[in-house]
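Everything on this sheet refers to the single structure shown next.
The values are calculated or read from the model by the stated rules, or taken from the named source; none is laboratory data. A quick note: this is a predicted structure, and the numbers were derived from the prediction, not measured. In this analysis, Cβ positions are derived from the backbone assuming ideal geometry, glycine residues included, and neighbour counts consider all displayed protein chains. Only protein heavy atoms, including side chains, enter the accessible area calculation; ligands, DNA and RNA are left aside. Shrake-Rupley method; radii C 1.70, N 1.55, O 1.52, S 1.80 Å.
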Amino acid sequence: MDRFDAMRLFTRIVELGSFTKAANDLQLPRATVTHTIQQMEARLGVRLLQRTTRHVSATLDGNAYYARCIQLMADLEETETAFGASASNPKGKVRVVLHGSLAMHFVLPHLPQFLAMYPDIELEIGMGDRVVDLVREGIDCVLRAGELPDSSLVARKIAVLPQVTCASAAYLQRCGIPQSIADLTGHRAVNFFSSASGKILPFDFLVDGAEQSVMLKGQVAVNNAEAYMSCCEGGLGLIQVPRYHVERDLAEGVLQEVLADFRPAPMPVSILYPHQRQLSRRVRVLVDWMADLMSRSEGA
């Protein structure tokens with residue numbers, strides 16, 4: 001195994017905290033992994049990894065070496081892809097996690113065009129809104145909607161999506177159409193709860209330029225976009241969603257927008273990736289393509 005391959009192996013052990021997981025991730029025999037690290041430590045004359053029966057962690061020297069390895073591998077890949085065919089035709093696997101409804105509406109329908117432009121790129125796509133440890137899981141980037149928590153990740157905002165408050169025509173006929181925030185008293189909501197925290201998310205409105213949050217009672221709370229829509233269409237209450245998600249239902253009269261004068265602030269859409277890694281050419285073309293796609297999309 002050459003030195004750069006050994007560096008790649010070492011970084012995955014640090015990131016995954018396990019010799020076995022790194023071996024599985026890189027499809028190497030466990031014995032090869034152990035022997036390579038032993039050779040590396042002998043050559044450098046320092047202990048890089050602290051081993052216990054359950055976990056592997058980097059020593060102080062190991063952490064310093066990890067940071068240098070990450071930069072060296074990024075520089076090598078950037079240098080190689082800057083010349084020849086790789087500059088215009090990047091290749092390799094990109095691991096990405098996409099927000100479910102954004103993927104279904106904006107990204108996946110156009111994916112054949114991206115793959116036609118870059119036939120040597122292989123995509124591994126995860127779906128969902130779960131919290132992702134990009135470094136530990138080996139994920140190159142994620143596509144997310146909404147305000148982002150503080151983190152060490154680089155966040156590139158690529159679009160803002162208008163949001164609306166709406167309900168089914170049957171619900172509004174039965175319960176009335178609210179004309180003001182005060183009219184929401186007595187109305188019901190299909191509530192949405194966070195998969196991460198379990199908390200019910202409030203309804204947000206812009207009133208005279210200031211954001212106002214309102215908690216509404218409801219008989220049903222869900223944590224899935226399709227279930228959210230289905231319950232609303234069934235007349236169970238008000239929902240608040242990005243407009244693209246209900247565009248067809250609004251046009252067909254299945255749903256009706258309410259409180260249009262107090263629409264919530266647009267929802268930001270961002271791509272996140274690890275700050276310590278320079279984006280490889282194959283990841284960069286995917287990020288730029290998704291950014292352009294979202295910015296050109298209707299309602300973005």
Residue count, segment 248-283, condition out of contact with any Pro (no Cβ under 8 Å at 6 or more places or on another chain), open to solvent by 20 Å² or more (accessible area, probe 1.4 Å) and either of a type in the set (Ser, Thr, Tyr) or under 13 Å from VAL96 (Cβ atoms) (or both), comes to 2
Per the list (1) modelled with pLDDT of 95 or more; (2) crowded, with 18+ Cβ neighbours inside 10 Å, residue check on HIS245 breaks on (1)
Being assigned to a strand (DSSP E or B) and within 20 Å of ARG263 (Cα to Cα) narrows ALA167, ALA221 down to just ALA167
Screening GLY138, GLY126, GLY92 for residues that are modelled with pLDDT of 90 or more, under 30 Å from HIS55 (Cβ atoms) and open to solvent by less than 30 Å² (accessible area, probe 1.4 Å) leaves only GLY126
From the option list ALA291, ALA221, ALA260, single residue qualifying as touching a residue at least 24 places away in the same chain (Cβ under 8 Å) and touching a Phe, Trp or Tyr at 6+ places or on another chain (Cβ under 9 Å) is ALA221
Among the residues that make up segment 186-200, is at least one of them open to solvent by less than 30 Å² (accessible area, probe 1.4 Å) and aromatic (Phe, Trp, Tyr)? no
Going through segment 104-123 in order, the residues found to be crowded, with 20+ Cβ neighbours inside 10 Å and within 17 Å of TYR273 (Cβ to Cβ) are VAL107
When every residue in segment 1-40 that is open to solvent by 20 Å² or more (accessible area, probe 1.4 Å) and assigned to a loop (DSSP other than H, G, I, E, B) is compared, the one farthest from MET73 (Cα to Cα) is PRO29
Taking segment 168-182 and keeping residues open to solvent by 60 Å² or more (accessible area, probe 1.4 Å) and touching a strand residue (DSSP E or B) at 6+ places or on another chain (Cβ under 9 Å) leaves CYS175, ILE177, GLN179
Flagged in segment 52-76 as outside any helix (DSSP H, G or I) and in contact (Cβ under 8 Å) with a residue 12 or more places away in the chain, in numbering order, are HIS55, VAL56, SER57, ALA58, THR59
Checking THR79, THR53 in turn, the sole residue that is at pLDDT below 90, of a type in the set (Val, Ile, Thr), under 29 Å from ARG281 (Cβ atoms) and out of contact with any helix residue (DSSP H, G or I) (no Cβ under 8 Å at 6 or more places or on another chain) turns out to be THR79
Contact list, first residue from segment 2-22 and on the phi > 0 side of the Ramachandran plot, second anywhere and open to solvent by 10 Å² or more (accessible area, probe 1.4 Å), beta-carbon distance below 8 Å, six or more apart or interchain, is GLY17/HIS55; GLY17/VAL56; GLY17/SER57; GLY17/ARG136
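So which residues in segment 188-201 are assigned to a loop (DSSP other than H, G, I, E, B) and either closer than 16 Å to ARG263 by Cβ or at pLDDT below 95 (or both), if there are any at all?
SER194, SER195, ALA196, SER197, GLY198, LYS199, LEU201
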Here the residues within segment 141-164 that are assigned to a loop (DSSP other than H, G, I, E, B) and small (Gly, Ala, Ser) are GLY146, SER151, SER152
